[in-house]
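As structure tokens, the structure follows; a few thoughts come after it.
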Amino acid sequence: MRKLFFAMSLSITLVACGDDSGTSANDGKDTELAEVSSSSKAVSSSSVKKESSSSVKAAVSSSSVKTSSSSSVIPASSGNLPSSSSKKVESSSSQKTASSSSVAPASSSSKKVESSSSEYVPFDHSHALAADWRIGENRYKTFVDPRNGRSYYYITIPGRVFKEMGANGKAIWIEDTVTVMAENLNIGKMVLGENDQNDDGEIERYCYNNDTMYCDEFGGLYQWAEMMQLPSRCNTESCAELIQENHRGICPEGWRLMTYDDYKIIENADGNEEHGIAGLRSGYRFSGYNTTGFSLVGAGKRVTNGKFERIEESVYFFTSEEHDVFGKDIYAHMITIARDVDAAPQQRHGDEKQYGFSVRCVKLE
């Protein structure tokens, strides 16, 4: 009796080095991701039928895969936090397709994603958000950045900010609210960490370890002048005269860069009295309670030697203020929050403008 063996294997490893589709950095592309509802993506399982002891037929089908291009986005319904059974994903506008006999589900913590169709499955940012039971229902909204079709979660956080010390020696606080992104900004052409962001004609970003999959999950990293959308020379000289009130920088139209006062409102948010800094950090791999809904993730940073440091350990933000330390013009004010440290960042902290930090934007009222 003749036996017929069928062996089919497929090993797909996507290492994203240049654009959001996971292609090489050498292709010069920066394909941005748009959202795709995973409820519209279905991959049928393989079915194997035996007809006789001498013949075997295997059939594998990959059906009904729907994607949206980077110019079309299907945002989540406004105000509803997606449940675990209804996740939203973004999809690259350029897809690679290959037949397969097996489907390997992607892990949320994996930087390499396997799929039956070679299609990169973007990170679902709802994983990092706070649960409704912790912050209240319908707190999160979504908006689409028309520049690249990306959709972002944002949240309005009521809190308070310090005004002055009273005559009795007690601090006087003013109640205020801030409407802020609940995830880091991700826009621009990726440049390698060994280079400065010195093309003043377009927005540039770093992706941790020069891998766009990190940008997809943690957002881009930006030098100070790039964040501010000022000439790149402003990283090594003072450009104080170019800083505006409600400075927009690389934020979408109708949004501005986050300030230290914004941060303090969030830190002192209603319901966050017990947790402090830990109430800003996401519980998603950042050891926080996220009682504010701010949903910080440990995006790490790019340092001046072109290396990347502290992924999942710390997050860093520049503010729009320069920091004249030791008479130098190469520093700007910054905010840093670490995974294992609950001490509050101070207003006068600063770091070199040529570092690459994350960006959060605040909605103009």
### Summary
A chain fully extended from Lys328 to Phe162 at 0.36 nm per residue, minus the present Cα-Cα distance, gains in nm 56.9 nm
### Query
Tell me, Kirkwood radius of the range 130-363 from alpha-carbon pair distances, in Å?
17.9
### Task
For Glu313, enumerate residues with amide H under 5 Å from its amide H, sequence gap 5+ or separate chain, H modeled in the peptide plane.
Gly300
### Query
In terms of Cα to Cα distance under 18 Å, which aspartates and glutamates are near enough to Lys141, apart from those fewer than 8 places away along the same chain?
Glu35, Glu90, Asp124, Asp132, Glu183, Glu253, Glu365
#### Entry: Amide H contacts of Met334 (H built 1.01 Å from N, under 5 Å, at least 5 apart or other chain)
Thr319, His349, Gly350, Asp351
### Query
Once phi is turned into ³J(HN,Hα) by the Karplus curve 6.51 cos²θ - 1.76 cosθ + 1.60 with θ = phi - 60°, what whole-Hz value does each residue of the range 180-192 show in order, with x for glycine and proline?
9, 4, 9, 8, 6, 5, 9, 8, x, 7, 6, 10, 5
### Task
Quick one: of Lys163/Lys328; Lys328/Lys353; Lys301/Lys328; Lys264/Lys363, which pairs are farther than 18 Å apart, Cα to Cα?
Lys163/Lys328; Lys301/Lys328
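Each value in this text was obtained by applying a stated rule to the coordinates, not by laboratory testing. All of these numbers come straight from a predicted model, not from anything done at the bench.
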